[in-house]
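Just below is one structure, and these are the notes that go with it.
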Amino acid sequence: MTDLSHLQLDMSSADLLCDTPGLRVSLETADCLWACPLIGMEQSDPNLPAVGHTKERNGSHMLRLQRDTLYVVGDTTNVPEVSSNAHDQSHAWNSVNISGEMTPALMERLCMLDVTGPGFPPGRISRTLMDHTGVIAWHINNAEFKLFVATSYTSSLVERVRQCAKDLLALHDFHERASSTH
Amino acid sequence: MRVEGGLIDRARPLNFTFNGKGYTGYHGDTLASALLANGVRLVGRSFKYHRPRGIFSAGSEEPNALVQIGEGAWQEPNTKTTTVPLFDGLTASSQNHLGSLENDLMAFNDRLSRFLTAGFYYKTFMWPRSFWERFYEPLIRRAAGLGALSGADDPSRYERGHLHCDVLVVGGGPTGLSAAREAAALGARVILADEDSLFGGRLNSERENVEGQAGYQWARQTTSTLASAENVRLMPRTTVFGAYDHGVYGALEVLTDDPKIGTEMPRQIYWRINARRVILCSGATERSIAFANNDRPGIMLAGGARTYANRFAVLPGRRVAILGADNEAAQTAEDLKAAGAEIVATLTSAAESTVADTQGRRCLSAIKLADGRKVECDTLAVCGGWNPNIQLTSHHRSKPVWNDEIDGFVPGEDLPPGMIVAGAARGVFDSQDCLADGAAAAALSLSDIAQNAPVEAQRPRPSVKPVQIKTPAALAGSGRAWVDLQNDVTAKDLFQAQAEGFKSVEHMKRYTTLGMATDQGRTSNSLALRVLGQAYGVSPGDLGTTLARPPYNPVAIGAFAGPSRGQHCRPTRRTPSHAFAEGAVATFVETGAWLRAQWYAQDGETHWRQSVDREVNATRNGVGICDVTTLGKIEVTGADAAAFLDFVYANTMSTLKIGRTRYGLMLREDGFVMDDGTCARLADEHYVVTTTTANAVSVFRHLEFVRQCLRPHFDVHLISSTEQWAQFAVAGPRSRDLLQRLVNTDLSNEAFPFMACGPVDVLGVPGRLFRISFSGELAYEIAVPTRYGNALFAKLLELGADLDATPYGTEALGVMRIEKGHAAGNELNGTTTALNLGLGRMVSSKKDCIGSVLSKRPEMVREDGLRLVGFIPTDRERQLTAGAHFLEPGAQATMENDLGWMSSVAYSPTLGQSIGLGFLMAGTDRLGERLTAWDELRGTTQEVEVTSPHFVDPDGTRLKS
């Protein structure tokens, strides 16, 4: 061993893609994301969120994307039912976080979910497509979403989200100019 | 001529050009209204005969006034002047003429019109047959057409999006506004879309009062109320162009036509609207009347004339004659007179005479009446009645039905699910009735989904009021009477088609091209049927009608593509070492969605082979490093993981010891090879399976199918970890030396032998190490969590600098696997068996597995069947070619003589010659024989020698060293 220094991560913990009063988009590593098979468990356990839903327990978020797998964001010891089967997926995903009043306008350009209606209210989670890129969309709060994207696809999605945000802001300015002229 | 009033903003003048000449208009104008205001009446030439054409309408039904907007790469042909809002700097030019617009040399076509009737192409250009594509068609296309594309990439940007609503109201006229208002009050999520920039529809064009105020003011106020409602989304300049399955509607929102702005933001957005209910309030389109020479500039629809006068404050002419429906004619006369026009004739049913012909060279100058009188005028406003806009109702194949009362087609009963039609679109033309009908339709539509109960669902809806006096479709006269202005189809063409047996409307349409232009026959289809009905004394309903298809209005292909163009056509995946590879100026290759380094050229290397040969030699003589993250990786866990893998692999995995890896082969149900890879056992109930890059997704899907459907009782779980781990091949005789500098695990042959695996600490990062080899050299694959990948790649090269550590790409990877005789995608192509690949003994006979039974079919186990073997050219200077077929020397190239094919070839720097892998009948029995390799595509034939597929280290000494 000639060098015991730690390897460096190739991405900073957060990268701000857009930061305006109406829209904030950031890219983060999906730290502490675990895939937990529900092996030998009652899959309709009321302590677990239903498929397509999320639940918080002691600061850890349980994301139920499918019947037999639970994703946990945070400390898996808070979800002892699955902690022994947890697979680290922190490096498999990055997250794009979107917030601000223009979030619905951005989201409706990116994906087919009903982001402002009863089809996909806060607390829901879904696998979906953004253009041709698969993502896991998590509706956290009103006008706040977290999108998990596979690491290898991140640059494609980020480029798309960044351009879309830029266009949206340009359109906003265009309407502002038009109304002020009027 | 500009007059007082209107809904334009005179405080905001706008400059524009048409055919290079500068003009001024106002904000609120369309290009058409601004041209008319500046006295421009001739705006284009007709499609076939190059007849002078002017502005015929004031809406999207316009068949005549098509121009080219913009210049250079921005230019957009076939744009309707009637739908383009004027903007400062707009440049427009006329199209489809040779020479100037005023003196079009192609106008001689009009003199040949008697020879250019319907079907003349089919009759005239029959011989010689080969001339059609080479000569006739290009000639015809040059002579007749519309505008031209720039030939450059469209610099405009387009966006795409998805919307959801309880109710989509299509059309923002009085009916649509009323429906949206009612639906909003019922608590529904409403989208109101209209192709116009102003909501209000005809209310902006007429001088009538609604609910005690001017119609346009009512529209403005209602729009304002709706705009402030949280549950309403107003979408002006948005055309709902198609009704698709499952309540999805296609809509195109135009944000700007200005190229200056089009660089800053998308110009158009293609929306897919998911609507639970749809209220179609698309209004109606005025129809024309067929009479001799009814196509001259200055002849326009009466409703359009009123729009120009009332909304745009433009008089289409000074001396106006009016022809057609009594009530419309009276209203038109009143409005135009109020605007300052002189009404020189009003030719209603009560008039003593009617129009027999028109005169004027480039514009209308006079009309000739049937009684011989001549009336000088510059404008003729025509109204033949109104046709409901029912196109969207037909997009699910609903057939319109003829309604004698309104003398037009109305929607059939079998509408797209969730759709209700209201207002003029169903034949209710009175504005007050439209308001009531819109509200009633909203209540009915939302009766089962509205939030604000109770809903008065069965509110009475206004009935369709019969048209009192029906306007004739055609007037007697000796000249040509145009029915389809855009495609230059005359009444004579229709009769000719009938006479020649094209009686079905579908046949007539295709024979004459009626309604097949970009306007989709908005002003011509119904007129044609009425003309024929009148001539033959039958109801147009008995003649039938064609069904409208999407799109309602033309949509630019760019809008459908949206942002998915160029490099954004599909997403790309980047490997963990992408940044390093970019820095090393690697050449990349697309493998599926992945971008992989193909080779790393160094200074002085001018040909890819130089780089690849160097990388191969460096690896075989020292150590090479390659990013192999793209291989699929699947974690298989659970008490039944071993039994599960025994079932999905042809060979046995349950006997694999912890800390060991085994090559594995998967078969499909039909017994053919599906994929290969490795299977490593990390713990008693934890395996890691690798797949080929190409089959990563399909193998995972296959395993999930087996788990969920074929072995649901198994305690087994699958997690894809392809993205979680960055994995690098470290290959070559110095690979152990290099890795030993990185990990503190003993990597000696005794402690970590060939096919060993296990967790390792990689400079403080938890990793995995596998002693497996694709190159045939002493080799390892080392994995770390993905985001450490780029750093590890660089670290490996840094630590191996004195070992001549070299990064290698997929090309060198491919060369080395061919040298070693390993099968890859070209061999695992879905048509080969384990036996073909020389892996027949891997299909265990001691257990059941997917594909086991069918892999034993007689044809698949024939002794003389295809076998994977190696090939070298007998002339060492020559290159082998993949795809070549093998023949006995001197045999003819026939299917019967085909002995197999070359699947992969490479230049081997190790052997200094071209080598290949391929499948040959009874191949393993023919080693040393000479055959002919015949490549039909490249037109080459050469002699090859059959060899073992293992060109390098056939006994495996190197990889076990």
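Overview of values
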| quantity | calculated |
| --- | --- |
| Over chain B, equivalent-ellipsoid semi-axes from the Cα gyration tensor in Å | 72, 33, 28 |
| B:LEU255 long-range amide H proximity, modeled H, under 5 Å | B:GLN268, B:ILE269 |
| Percent breakdown of C-alpha pair distances by 10 Å bin, ordered from the shortest bin, for chain A | 9, 33, 32, 17, 6, 2, 0, 0 |
| Shielding of B:158-167 by partner chains, average beta-carbon count, 10 Å | 5 |
| Efficiency of FRET from Cβ geometry, B:HIS246 and B:ARG111, R₀ 56 Å, rounded to 0.05 | 0.55 |
| Mean separation of Cα contacts under 8 Å, 6 or more apart, over the residue count of the range A:63-159: relative contact order % | 27 |
| Per-pair calculated FRET efficiency, R0 = 60 Å: B:VAL538 and B:GLU582 via Cβ, rounded to 0.05 | 0.25 |
| Fewest-first sequence of A:LYS55, B:LYS657 by Cβ atoms within 10 Å of each Cβ | B:LYS657, A:LYS55 |
| Packing rank of B:402-408, B:76-82, where each peptide gets the mean count of other beta carbons within 10 Å, highest leading | B:76-82, B:402-408 |
| Nearest-ten-degree value, helix B:174-185 long axis tilted from longest Cα axis of chain B | 60 |
| Taking all pairs of distinct alpha-carbon atoms in the range B:262-338, Kirkwood radius in angstrom | 15.9 |
| Distance from the range B:818-844 to the range B:561-610 (C-alpha centre basis), Å | 29 |
| Peptide B:761-771 - average C-beta neighbours from other chains (10 Å radius) | 2 |
| Square roots of 5 times each gyration tensor eigenvalue, C-alpha, the range B:569-668, largest first, Å | 36, 18, 12 |
| Long-range HN-HN contacts of B:ARG233 with modeled amide H, under 5 Å | B:VAL190, B:ILE191, B:LEU192 |
| Rounded to 10°, Cα long-axis angle of helix B:608-621 versus longest principal axis of chain B | 30 |
| With Cα atoms, 0 to 90° folded angle of helix B:431-445 axis to chain B main axis | 30 |
| The range B:300-407 - share of DSSP beta bridges that are antiparallel (%, nearest 5) | 35 |
| Neighbouring partner chain Cβ atoms per residue of B:772-781, average, 10 Å criterion | 0 |
| Debye intensity ratio in log₁₀ form over the Cα atoms of the range B:804-948, taken at each q of 0.17, 0.21 Å⁻¹ | -0.95, -1.29 |
| Förster radius 60 Å - calculated FRET efficiency between B:ARG129 and B:ARG741, Cβ distance, rounded to 0.05 | 0.20 |
| Extended-chain gain in nm, criterion 0.36 nm per residue less alpha-carbon gap, B:ASN617 and B:ALA499 | 34.5 nm |
| 5 angstrom amide H check on B:GLY242, placed H, neighbours 5+ away | B:GLY250, B:TYR552 |
| Of B:LYS123/B:LYS503; B:LYS399/B:LYS503; A:LYS55/A:LYS166; B:LYS399/B:LYS509; B:LYS399/B:LYS470, those spanning more than 22 Å from alpha-carbon to alpha-carbon | A:LYS55/A:LYS166; B:LYS399/B:LYS470 |
| Helix-derived mean residue ellipticity, 222 nm - over the protein assembly as shown, DSSP H n ≥ 4, -39500 (n - 2.57), to 500 | -6000 deg cm²/dmol |
| Footprinting exposure proxy for B:ARG930, B:ARG2 (fewest neighbouring C-beta atoms within 10 Å first) | B:ARG930, B:ARG2 |
| The range B:565-696: relative contact order as a whole-number percent, Cα under 8 Å and 6+ apart | 19 |
| Burial ordering of B:ASP258, B:ASP746, B:ASP519, fewest other beta-carbon atoms within 10 Å first | B:ASP746, B:ASP258, B:ASP519 |
| Chain lengthening between B:THR225 and B:ALA330 when straightened (0.36 nm per residue, less Cα-Cα) | 34.4 nm |
| Cα Rg over Rh - the protein assembly as shown, Kirkwood | 1.06 |
| Within the range B:501-645, percent of DSSP bridges classed antiparallel, to nearest 5 | 75 |
| In nm, spacing of pseudo-spin labels at B:GLU4 and B:ALA891 (7 Å Cα→C-beta vector) | 9.8 |
| Relative contact order for chain B, counting Cα pairs under 8 Å that sit 6 or more residues apart, in percent | 9 |
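Every number in this text was worked out from the coordinates using simple rules, so none of it is lab data. In this text the structure is predicted, and so the values were computed from the model without any measurement. When we count neighbours, we look across all protein chains shown, and the Cβ atoms used for this are built from the backbone with ideal geometry, even at glycine.
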